[in-house]
Structure formats: structure tokens, C-alpha cells
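The next block holds one structure in the form of C-alpha cells; read it before the comments.
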Amino acid sequence: MMYIKKEIVGGIGKIVLNRPDVLNSFNREMALDMQAALDEFSNNQQIRAVYITGEGRAFCAGQDLAEAISADGPGLTQIVRDHYNPIIKKIRNMEKPVVCAVNGVAAGAGANIALSCDLVIASVTASFIQAFSKIGLIPDSGGTFFLPRLVGMQRATALMMLGEKVVADEAFKIGMIYKVYPDDLLQQEGLALAEKLSLMPTKGLAFTKKAINLSFFNNLEDQLDVEEQLQTAAGNTSDYKEGVNAFLEKRKPLFTGN
Ligand code: T3D
């Protein structure tokens with residue numbers, strides 16, 4: 001089965017979660033296919049932005065609960081350690097921007113995979129549910145890391161404990177996501193955003209992402225050191241030279257990602 005559809009559109013690596021009958025909930029095969037797709041797009045230098053969305057009416061309903069309780073299934077520990085944790089690490093360590101277009105409900109691990117991406121947009125009828133508490137679990141897939149940082153402790157705690165649905169407009173208002181679009185414009189706008197990013201200085205964006213990742217752990221002194229190092233590296237890229245030359249020559253820059 002092709003539970004993950006992959007496509008390369010110009011400089012964009014597109015991933016579509018594809019188990020629409022069960023709202024794109026993840027079973028083991030789908031999680032491993034997702035990891036493989038992320039690896040492939042990470043290694044492909046022609047791809048300069050990654051785009052993730054869902055097939056059908058949902059983005060992703062998280063873990064396939066039938067698999068989760070199946071006696072011969074992988075079991076909780078393996079599901080978290082081998083399925084979701086690698087997906088989140090691959091997204092955060094991807095040296096290119098990852099755009100997530102949430103096209104419908106995003107629940108459980110589905111919500112938190114979305115929130116781990118660099119820019120999260122959603123259709124107006126999409127929603128986010130930290131569904132874990134309703135079945136006695138804790139938010140995984142980075143939820144306890146990203147959500148308090150995005151919306152603050154109080155809201156994050158309430159969302160994670162109560163498991164209430166947050167509609168897209170509310171998610172936007174509380175800073176959980178970047179933008180909301182009408183349903184029929186989401187894919188067009190999402191791909192335009194990914195394309196825009198794919199034409200930007202890829203290494204500079206990767207260094208920015210690295211600095212953001214490190215900022216979660218550093219004090220100001222250490223973070224200023226990180227900025228110094230990464231700015232030096234950014235200054236050694238061809239795209240930096242192109243950006244400055246284009247500005248001085250009053251023309252549009254042509255970035256190559258190098
Ligand atoms: O071992 C572990 O579990 C550890 C890992 C944890 C990570 C997690 O993600 S835990 C959280 C798992 N997800 C959930 O608890 C969400 C479960 N789904 C729902 O609450 C609802 O489906 C939604 C709120 C997301 C959407 O509701 P609605 O009314 O729009 O759709 P529906 O009718 O509930 O679902 C449509 C179909 O998808 C339905 O199948 P059917 O009746 O048409 O044959 C439903 O059973 C199926 N489905 C939806 N979510 C899941 C699922 N099947 C398996 N697993 C699911 N997560």
C-alpha cells in the first residue's frame with residue numbers, strides 16, 4: 001500500500017499522508033514510509049523545501065488505535081520510539097524549510113507532527129485536538145515540547161489536559177499556526193509558500209532553523225555564540241554574495257541554495 005504519496009514539484013518535495021479511510025491515522029508501515037520520504041527529501045539537493053499535507057477530509061488522526069491495541073501490534077514503546085520520535089527529529093533536523101498544510105482535523109500525533117514543522121498553515125475548517133488525554137495517554141511526538149512554546153503554559157496545559165478541539169481561526173489567534181486559508185485555496189497557497197521558500201537562500205534558512213532549535217536550550221550568552229558561528233557560515237555561502245550583489249545592482253537575486 002502507498003500510505004505516503006511522494007512527489008517532486010520543482011524544488012519542492014511533497015508528502016501526502018494517504019490513509020483517508022481512517023483519517024490518515026498512522027500504522028507502522030505508514031510511519032516507516034514517512035521516515036523514508038523525509039530521508040529521501042533531506043538527501044536530495046534539488047529539493048529546497050518540503051511540503052506535508054493529507055489526503056481526503058482529514059490531515060491526520062494520529063496513531064491508528066486499532067493497531068495500538070492489537071496484541072500482535074508494535075506496542076506503545078515501539079510506536080513512540082521507532083515511529084514518531086524519528087519523524088519529529090527528521091523534520092526538526094531537515095536542513096530546509098518544512099511547510100505543513102493542515103487540510104482537516106489534526107489529532108493526537110497528527111497534531112504534533114504538524115506543530116513540529118517550520119510553518120504551519122491550515123484550511124478554515126481544519127482543527128487541532130490533543131486527543132491523548134481522552135484515552136489515558138500523554139501528548140507525544142513533541143507535543144509537550146512545542147505546544148507550551150507556541151501558546152504558553154496555561155493554554156498548552158488546558159489543551160493537553162482537556163483535549164478540546166481548537167479550530168483553525170483560534171489556532172491562528174493563539175499563535176499555534178502561521179496562517180489560515182479558505183478550504184479551496186489551501187493547497188494553492190501552501191504550495192506557493194513552499195515554492196517561495198524553495199527559491200530562497202536554502203543554507204541561510206537551514207542555519208536559521210538550527211539557531212531556532214538551539215535557542216530552546218541555550219542561555220543568551222550561548223545563543224549569541226551560536227548566532228556568531230552560524231552568521232559566519234551564512235556569510236560564506238554563494239547565496240549571500242548573490243543577495244548582496246543583486247541588491248547593489250538593483251536586480252532580483254537568483255539563489256541556488258549554495
Ligand atoms: O500506542 C499508542 O497509541 C501511542 C501513540 C499515541 C499517538 C496518538 O496519536 S494517540 C491519539 C490517537 N488519536 C485519537 O485518539 C483520535 C481518534 N479519532 C477521533 O477522535 C476522531 O476520529 C476525530 C476527532 C479525529 C475525527 O472525528 P470524525 O467524527 O470527523 O470522524 P470519525 O467518524 O471518528 O472517523 C472516521 C473513520 O476514521 C472512522 O472509521 P469508520 O467508522 O468510518 O470505519 C474511525 O474509526 C476512523 N479513525 C479515526 N481516527 C482513527 C481511526 N481509526 C483508527 N485510529 C484512529 N486514530
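Do we have Glu164 as closer than 21 Å to Ser42 by Cβ, acidic (Asp, Glu) and at pLDDT 95 or above here? Here the answer is no, as Glu164 does not meet what is asked. Among (1) more than 17 Å from Thr202 (Cα to Cα); (2) touching a residue at least 24 places away in the same chain (Cβ under 8 Å); (3) out of contact with any strand residue (DSSP E or B) (no Cβ under 7 Å at 6 or more places or on another chain); (4) buried (at least 18 other Cβ atoms within 10 Å of the Cβ), there is one condition Ala68 misses while meeting the rest; what is its number? Single failed check for Ala68: (2). Take Ile121 and tell me if it is more than 17 Å from Asn18 (Cα to Cα), among the β-branched types (Val, Ile, Thr) and surrounded by 15 or more Cβ atoms within 10 Å (Cβ to Cβ). Criteria met by Ile121. In segment 191-207, the residues that are within 19 Å of Arg92 (Cα to Cα) reach residues that are among the basic types (Lys, Arg) and modelled with pLDDT of 95 or more with C-beta atoms within less than 7 angstrom, at least six apart or across chains, in these pairs: Ser198/Arg48; Thr202/Arg48; Thr202/Lys96; Leu205/Lys96; Ala206/Lys96.
Residue-by-condition table, conditions (1) within 16 Å of the ligand (Cβ to nearest atom); (2) surrounded by 15 or more Cβ atoms within 10 Å (Cβ to Cβ); (3) more than 18 Å from the chain's Cα centre (by Cα); (4) more than 21 Å from Ala126 (Cα to Cα):
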| residue | (1), (2), (3), (4) |
| --- | --- |
| Ile15 | no, yes, no, no |
| Asn27 | yes, yes, yes, yes |
| Asp64 | yes, yes, yes, no |
| Lys96 | no, yes, no, yes |
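Where strands (runs of 3 or more DSSP E) fall wholly inside segment 104-218, the ranges with 3 or more residues that are within 14 Å of the ligand (Cβ to nearest atom) are 105-107, 127-129, 165-167. Condition check: buried (at least 20 other Cβ atoms within 10 Å of the Cβ), within 15 Å of Phe26 (Cβ to Cβ) and of a type in the set (Phe, Trp, Tyr). Does Phe128 satisfy that? No, not satisfied.
Considering Ser42, Ser70, the condition of being farther than 24 Å from Leu137 by Cα and either out of contact with any Phe, Trp or Tyr (no Cβ under 6 Å at 6 or more places or on another chain) or within 14 Å of the ligand (Cβ to nearest atom) (or both) is satisfied by Ser42 alone.
Here is a yes/no grid of residues against (1) outside any helix (DSSP H, G or I); (2) hydroxyl-bearing (Ser, Thr, Tyr); (3) surrounded by fewer than 17 Cβ atoms within 10 Å (Cβ to Cβ):
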residue	(1), (2), (3)
Met2	yes, no, yes
Asp21	no, no, yes
Met30	no, no, no
Ala36	no, no, yes
Ser42	no, yes, no
Gln46	yes, no, yes
Ile88	no, no, no
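The values are calculated or read from the model by the stated rules, or taken from the named source; none is laboratory data. What you see is a predicted model; the values in this text were computed from it and never measured. Because the Cβ atoms are built from the backbone with ideal geometry, glycine has one as well, and the counts that use them run over all protein chains shown.
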